[in-house]
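A short write-up of the structure that comes next.
Computed from the coordinates by the stated procedures, all read-outs in this text should not be read as laboratory data. The structure displayed is predicted, hence computed values, not measured ones. For neighbour counting, all protein chains shown are included, and Cβ atoms are generated from backbone atoms with ideal geometry for every residue, glycine included.
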Amino acid sequence: MLKAIKAPKTEWESAYEAWDDAYNHELTVSKLIFKIGEIADKESDRAAGSVLQWFYDEQIEEEEQTMKVRDLLKIVGDSTNALFMLDGRLRRRDT
């Protein structure tokens, strides 16, 4: 039987709060991927381990990127000028 899926959050008090949620989501995704790796190890599935390495590497990058933006938003705080500057920096991918 299928169960209902909880609707995702769609409103935040601040950009920082949104990115903090995004960062925590990336941490959850990492745990799930590592759990798959544990199962592959338990089953001695070497091929899965090789495939999972790409996901491990990608997930490390995702965590790092969301953490950097979240941390920058914490510094920015309520400053609209700083937020505008950060937006320009993110568009250029300077983070």
Starting at the first residue of the range 26-36, write each ³J(HN,Hα) from the Karplus equation 6.51 cos²θ - 1.76 cosθ + 1.60 with θ = phi - 60°, in whole Hz, x for Gly and Pro.
4, 4, 5, 4, 4, 4, 5, 5, 5, 5, 4
For the chain, list log₁₀ I(q)/I(0) at each q in 0.12, 0.13, 0.22, 0.24 Å⁻¹, using the Debye formula over Cα point scatterers of equal strength and ignoring solvent, two decimals each.
-0.55, -0.62, -1.08, -1.17
Taking other Cβ within 10 Å of each residue's Cβ, how do Glu64, Glu13 sort, fewest first?
Glu13, Glu64
Theoretical ellipticity at 222 nm over the chain - DSSP helices of four or more residues, -39500 (n - 2.57) apiece, nearest 500:
-26500 deg cm²/dmol
Assuming 0.36 nm per residue, please report the length gained on full extension of the stretch Leu83 to Lys35 beyond their Cα-Cα distance.
13.6 nm
Relative to the longest principal Cα axis of the chain, at what angle does helix 80-91 sit, 0 to 90 degrees, rounded to 10?
40 degrees
Among the trypsin sites (Lys or Arg not before Pro) within the range 53-94, which fall in a DSSP loop and have no more than 15 other Cβ atoms within 10 Å of their own Cβ?
Arg92, Arg93
Would you mind checking the tilt of helix 46-76 against the longest principal axis of the Cα atoms of the chain, expressed as 0 to 90 degrees and rounded to 10?
20 degrees
Between Ala47 and Asp71, what length comes free when the chain is fully extended (0.36 nm per residue of separation minus the Cα-Cα distance, one decimal in nm)?
5.0 nm
Neighbour-count ranking [beta-carbon atoms within 10 angstrom, fewest first] of Trp54, Trp12
Trp54, Trp12
Length gained if Glu17 through Glu58 is fully extended, taking 0.36 nm per residue and subtracting the Cα-Cα distance, is 12.4 nm
